[in-house]
Amino acid sequence: MLLRSLPSLTSCDAGFRDWFHSKWGHENCVVWGRALRADFVPQVHCLSIRAAWGGTEHCHVGGRTVGVDDDSFLILNQGRIYSTSIRAEYPVESLAICFRPGLAEAAYAAMSVSLAKALADGAGLPQRTIEFGENLQAHDRLVSPVLRFIKAHVAQGLDDETWYEEQLQFLLERMRQLRDRTLLQIEELQFIRGATRREIYRRIAVATDFIHTNYAQDIDLDSLANVACLSKYHFLRLFTLVHGVTPYAFLQNKRTSVATRLLRTTRLTMSQVASSVGFARRSTVVRRIRSRTGCTPLQLRVQGEDARSKQARTPRHGIEATVDGP
């Protein structure tokens, strides 16, 4: 199934809803679109991956809300129940990919054996399940380029199911590489027991998702430590160990990233931008943006206007996306 609009399953007619549910979770599904407001009702999903640009799409899963935006994507495992929602002043671009049952298991079984064994066994490899960490993943040079590549082809109108099947195979391989890299990072944490390392990483990931989702609010060390179910002392030390920066620095970096994006893509005033991302003062935004980008807010705004003007003049034919960068 390929959709180029975000379905509103709470308000659509029963016929469309029945058709959608007959596809989603039963075959490869790619849903892409832009919306100010959208709702994806709670239901059981196959392995899926979600990304959003130009704003935030909230994913409600496991009793918590996670904000997916321009900085990250989210992988959710087979059998997970979740819903999503968009409430925005500017259109949010959303991409959701749901892998058909058995595709990931067959792909990971093939990836887990040597070429010699694959040649000997032919197509008769046993299926292999794989579990992903269900926390926001920063855009990278593994998974993100494939997401953008698929998105570009969807936007340009490609409808070839065989092509999408191949791309989802590539995407699954990149997802596995990302998982392996994350596991290696966990193993490098300086703790004796493997279970301790994995639990620490999971708790810090939950707190990190909280920052990504609630950066516009007042967030202090107490609230983050509570989210991670750790004392302030241990949380501060462990967060810094995992990320290489303190929670406060991570929060300020997130706010600065969103503020930079808003200046390039919207007409909000500096005061509105500061308020939108959680900075108390306009001067703080100016200082941090100059430190991060080397540009003034006015220069960023001009860059954004130039980019939009160039895009408007570019003919919308052909597909130029590549998988060389995030």
message: If I filter segment 115-127 for residues that are at pLDDT 95 or above and in a loop (DSSP other than H, G, I, E, B), do I get at least one hit?
response: no
When restricted to Val302, Val242, Val285, the only residue out of contact with any Lys or Arg (no Cβ under 7 Å at 6 or more places or on another chain), more than 27 Å from Ala152 (Cβ to Cβ), part of a helix (DSSP H, G or I) and at pLDDT below 90 is Val285
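Does segment 194-206 contain any residue that is of a type outside the set (Phe, Trp, Tyr), touching a Leu at 6+ places or on another chain (Cβ under 9 Å) and outside any helix (DSSP H, G or I)? Spell out how you get there, then give the answer.
Within segment 194-206, the subset of a type outside the set (Phe, Trp, Tyr) is 194-200, 202-206.
Retained after the next criterion (residues that are touching a Leu at 6+ places or on another chain (Cβ under 9 Å)): 196-198, 200, 203-205.
If we keep only those that are outside any helix (DSSP H, G or I) as well, we get none.
The answer is no; no qualifying residue exists.
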Selection from segment 9-37 of residues part of a strand (DSSP E or B) and either out of contact with any Ser or Thr (no Cβ under 6 Å at 6 or more places or on another chain) or not assigned by TED's automatic domain parsing to the domain that holds Gln156 (or both) yields Trp24, Glu27, Cys29, Val30, Val31, Trp32, Arg34, Ala35, Leu36, Arg37
Scanning segment 34-69 for residues that are of a type outside the set (A, V, I, L, M, F, W, C) and over 20 Å from Arg261 (Cβ atoms) gives Arg37, Asp39, Pro42, Gln43, His45, Ser48, His60, Gly62, Gly63, Arg64, Thr65
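So which of Leu142, Leu158, Leu178, Leu168 is within 17 Å of Val242 (Cα to Cα), assigned by TED's automatic domain parsing to the domain that holds Ser94 and touching a residue at least 24 places away in the same chain (Cβ under 8 Å)?
Working: Leu142 fails: within 17 Å of Val242 (Cα to Cα); Leu158 fails: within 17 Å of Val242 (Cα to Cα); Leu168 fails: within 17 Å of Val242 (Cα to Cα).
It is Leu178.
Yes or no: segment 88-95 includes at least one residue that is assigned to a strand (DSSP E or B) and within 22 Å of Arg176 (Cα to Cα). Show your work before the answer.
So the first thing to find is which residues in segment 88-95 are assigned to a strand (DSSP E or B), and the list is 88-95.
If we keep only those that are within 22 Å of Arg176 (Cα to Cα) too, we end up with 95.
There is at least one residue in segment 88-95 that is assigned to a strand (DSSP E or B) and within 22 Å of Arg176 (Cα to Cα).
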When (1) touching a helix residue (DSSP H, G or I) at 6+ places or on another chain (Cβ under 8 Å); (2) in a helix (DSSP H, G or I); (3) farther than 21 Å from Pro91 by Cα are applied to Ala280, the one that fails is (2)
Exception for Ala51 within (1) more than 24 Å from Leu158 (Cα to Cα); (2) small (Gly, Ala, Ser); (3) modelled with pLDDT of 95 or more falls at (1)
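Any chance you could count how many residues in segment 1-14 are at pLDDT 85 or above and exposed (fewer than 15 other Cβ atoms within 10 Å of the Cβ)? Break it down stepwise before answering.
Keep residues of segment 1-14 that are at pLDDT 85 or above, which gives 1-6.
With the extra rule that they be exposed (fewer than 15 other Cβ atoms within 10 Å of the Cβ), the set shrinks to 4-5.
The number of residues fulfilling the criteria is 2.
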If we ask which residues in segment 87-100 are surrounded by fewer than 23 Cβ atoms within 10 Å (Cβ to Cβ) and within 14 Å of Arg37 (Cα to Cα), their number turns out to be 6
Does at least one position in segment 139-149 carry a residue that is hydrophobic (A, V, I, L, M, F, W, C), surrounded by fewer than 19 Cβ atoms within 10 Å (Cβ to Cβ), at pLDDT 95 or above and not in a loop (DSSP other than H, G, I, E, B)? yes
When (1) among the charged types (D, E, K, R); (2) in a loop (DSSP other than H, G, I, E, B); (3) buried (at least 20 other Cβ atoms within 10 Å of the Cβ) are applied to Asp209, the one that fails is (2)
Quick count over segment 215-253, residues being surrounded by fewer than 20 Cβ atoms within 10 Å (Cβ to Cβ) and in contact (Cβ under 8 Å) with a residue 60 or more places away in the chain, is 3
When Gly33 is run through (1) under 18 Å from Leu2 (Cβ atoms); (2) surrounded by 20 or more Cβ atoms within 10 Å (Cβ to Cβ), the failure sits at (2)
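The values are calculated or read from the model by the stated rules, or taken from the named source; none is laboratory data. Worth saying up front: this structure is predicted, and the values here are computed from it rather than measured. Neighbour counts run over all protein chains shown; Cβ positions are idealised from the backbone, glycine included.
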